[in-house]
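See structure below.
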Amino acid sequence: MANLELYPQIISNRVPKHVAIIMDGNGRWAKKQGYLRMFGHKQGVNSVRTALEFASELGIDFITLYAFSTENWNRPKTEVNALMQLLVDTVEKEIPSLMKNGIRLKTLGNISQLPSKCIKQLNHTVEITKDNQGTTLVLALSYSGRWDLIEATKNIVNQVRNNNLNVENITEETITRALNTSEFPNPDLLIRTSGEMRISNFLLWEIAYSEIHFTDVLWPDFKKEDFLKAILDYQSRERRFGKTTEQLT
Ligand code: IPE
Ligand code: IPE
Ligand code: MG
């Protein structure tokens, strides 16, 4: 399904398998032009569509989008409610385009915290798209890295308590498997828009060796060319995983 001919700059065998994005700057984008923050969130949906199309074109297997963090629950109630409504509307409206592009939807996070209309719509769209063979879109909702680590810890403690696991046998693999992200590979590339250079409690365990690309572009302005820049930046990096350059060849 990948259509790389359009992007000769891209090295075809070094396309990231998993790209994670902290989609930031919607509010500032709106305020800059005298609009309410919510207008920025609505425009941000267009950037999601564009990013998904590009990921499909490139044959990226997984794209994880940080859409709502655990900490975002502390925003004004009006904004939280409007974001939840935007989520329901978007996840419903985009079904035809997900089907057309072969995109499979998955969720990540404490979904049970979401309003029931969101849970229903998400479950419905996950179910309808589950056999699609293209890019997997992972929507991180009511998610934070620390939340997931706490849940994983509880899970591991229970395994030990039930005599299914020996404390001495706890490995990286044990933790990876206990996380909500267990079915996804670690992100190769993490992108954050809006000029902020922080992780904001995103995939803490999983990004241990991800390449990170920061851009000043605000999320509603994030276009294919910005995504392309991030991919090219990624391809210019040498991923050493602790080894020396000489060991890599
Ligand atoms: C990102 O944009 C979207 C969410 C966190 C839901 P923001 O709403 O954080 O926009 P800024 O950072 O305030 O500009
Ligand atoms: C991170 O953005 C969360 C999402 C993009 C969903 P925030 O805007 O919430 O992050 P901080 O508060 O600037 O760190
Ligand atoms: Mg923000």
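Can you find a residue that is buried (at least 17 other Cβ atoms within 10 Å of the Cβ) and aromatic (Phe, Trp, Tyr) anywhere in the stretch 69-77?
Step one: list which residues in the stretch 69-77 are buried (at least 17 other Cβ atoms within 10 Å of the Cβ), which gives 69-70, 72.
Filter again for aromatic (Phe, Trp, Tyr), leaving none.
No, the stretch 69-77 contains no residue that is buried (at least 17 other Cβ atoms within 10 Å of the Cβ) and aromatic (Phe, Trp, Tyr).
Pick from 203, 179: which is buried (at least 17 other Cβ atoms within 10 Å of the Cβ), in contact with a Phe, Trp or Tyr (Cβ under 7 Å, 6 or more places away or on another chain) and closer than 24 Å to residue 122 by Cα?
Sole residue among the options that is buried (at least 17 other Cβ atoms within 10 Å of the Cβ), in contact with a Phe, Trp or Tyr (Cβ under 7 Å, 6 or more places away or on another chain) and closer than 24 Å to residue 122 by Cα: 179.
Could you run through the stretch 227-248 and say how many residues are within 15 Å of residue 213 (Cβ to Cβ) and either in contact with a strand residue (DSSP E or B) (Cβ under 6 Å, 6 or more places away or on another chain) or in contact (Cβ under 8 Å) with a residue 12 or more places away in the chain (or both)?
So the answer is 11.
So the check is Cβ under 9 Å with 6+ separation or different chains; which pairs have a first residue in the stretch 63-78 that's on the phi > 0 side of the Ramachandran plot and a second one that's buried (at least 16 other Cβ atoms within 10 Å of the Cβ) and part of a helix (DSSP H, G or I)?
none
If the Cβ limit is 7 Å and pairs must be 6+ apart or interchain, which residue in the stretch 25-39 that is among the small types (Gly, Ala, Ser) pairs with which residue that is within 13 Å of ligand 2 (Cβ to nearest atom) and not in a helix (DSSP H, G or I)?
25/193; 25/194; 25/218
As an exercise: evaluate residue 59 against (1) within 14 Å of ligand 1 (Cβ to nearest atom); (2) surrounded by 14 or more Cβ atoms within 10 Å (Cβ to Cβ) and give the number of the one condition it does not meet.
Status for residue 59: all satisfied but (1).
Restricting attention to the stretch 24-57, which residues are outside any helix (DSSP H, G or I) and more than 13 Å from ligand 2 (Cβ to nearest atom)? It would help to see each step written out before you state the result.
Of the stretch 24-57, the ones outside any helix (DSSP H, G or I) are 24-25, 33-36.
Across the stretch 24-57, the qualifying residues are 33, 34, 35, 36.
State the number of residues belonging to the stretch 119-158 that are in contact with a Ser or Thr (Cβ under 7 Å, 6 or more places away or on another chain), farther than 27 Å from residue 174 by Cα and not aliphatic (A, V, I, L, M).
Going through the stretch 119-158 one residue at a time, the tally reaches 1.
Could you tell me which residue of the stretch 158-216 is nearest to the chain's Cα centre (by Cα), considering only residues that are among the aromatic types (Phe, Trp, Tyr) and more than 16 Å from ligand 3 (Cβ to nearest atom)? Lay out the reasoning, then the answer.
Kept after step one, since they are among the aromatic types (Phe, Trp, Tyr), are these residues of the stretch 158-216: 184, 202, 205, 209, 214.
With more than 16 Å from ligand 3 (Cβ to nearest atom) added as a condition, the list becomes 184, 205, 209.
On the way: 184: 11, 205: 14, 209: 16 Å.
Here the answer is 184.
How many residues does the stretch 1-39 hold that are within 17 Å of residue 62 (Cα to Cα), surrounded by fewer than 21 Cβ atoms within 10 Å (Cβ to Cβ) and within 12 Å of ligand 1 (Cβ to nearest atom)?
Qualifying residue count for the region: 0.
If the Cβ limit is 7 Å and pairs must be 6+ apart or interchain, which residue in the stretch 179-201 that is within 22 Å of residue 149 (Cβ to Cβ) pairs with which residue that is within 10 Å of ligand 2 (Cβ to nearest atom) and of a type in the set (A, V, I, L, M, F, W, C)?
Short answer, once both residue conditions are applied: 192/22; 200/22.
Coordinate-derived values only; no laboratory data. Treat the numbers as computed from the prediction; the structure is a model and nothing was measured. Glycine also receives a Cβ, built like all others from the backbone with ideal geometry; neighbour counts cover every protein chain displayed.
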